[in-house]
Amino acid sequence: MDTTTVQEHELLTKAKEVTALLAEGKFIEAMEEYLAEDVQLFEGNNPAKVGKDFCLAEEKKLLDTVVAFHGYKVLSGPAVKDNTTFYEAVMEFRTNDGTEHKFEQVVRTTWENGKIVNERYYHA
């Protein structure tokens, strides 16, 4: 295997590990394990959430409102090219205000040294 193929194989493995944690509802665990300290996370076209600690705090705020987690299912992927992985998923949950949420999304992730440095969620 050439170097690019080895790197892509390693990133594909990491992306599968992340999505497995998400499927179990282990969002905080996935973020603690895989986010780089200076990560930038984007929800659609919104400004980036910057920094691992800030992203974790924001995720915890959201999760505090979740009363029922219906699932996180990967529909296709993950796929990898160079230092970037992609996958399509559906996430469903209910918040404490009674709202049912369903996010259909494509997730684009850029990796450095085995950590997520930039990620964008394209929602439908």
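Structure notes:
- The mean sequence distance of close C-alpha pairs (under 8 Å, at least 6 residues apart), as a share of the length of the chain, puts its relative contact order at 26 percent.
- Share of carbon and sulfur in the accessible heavy-atom surface of region 66-124 [1.4 Å probe, %]: 49 percent
- Heavy atoms of the protein chains alone define the surface here; on that basis the chain has 58 Å² accessible area per residue at 1.4 Å probe size.
- Taking the square roots of five times each eigenvalue of the Cα gyration tensor of region 54-124, the equivalent ellipsoid has semi-axes of 25, 16, 8 Å, listed largest first.
- The chain: calculated mean residue ellipticity at 222 nm from DSSP helix runs of at least 4, using -39500 (n - 2.57): -10500 deg cm²/dmol
- The trypsin sites (Lys or Arg not before Pro) of region 47-124 include none that meets both conditions, a loop assignment by DSSP and at most 12 other Cβ atoms within 10 Å of the site Cβ.
- Extension gain from Arg94 to Val106, taking 0.36 nm per residue of separation minus the Cα-Cα distance: 2.2 nm
- D_trans [Stokes-Einstein, Kirkwood Rh over alpha-carbon pairs] for the chain, 37 °C, 0.692 mPa s, µm² s⁻¹: 220 µm²/s
The values are calculated or read from the model by the stated rules, or taken from the named source; none is laboratory data. Remember, predicted model here, so these are calculated numbers, not experimental data. Every residue, glycine as well, gets a Cβ built from its backbone with ideal geometry; the counts of neighbours run over all protein chains shown. We work out accessible area using only protein heavy atoms, side chains counted, and drop any ligands, DNA or RNA first. Shrake-Rupley method; radii C 1.70, N 1.55, O 1.52, S 1.80 Å.
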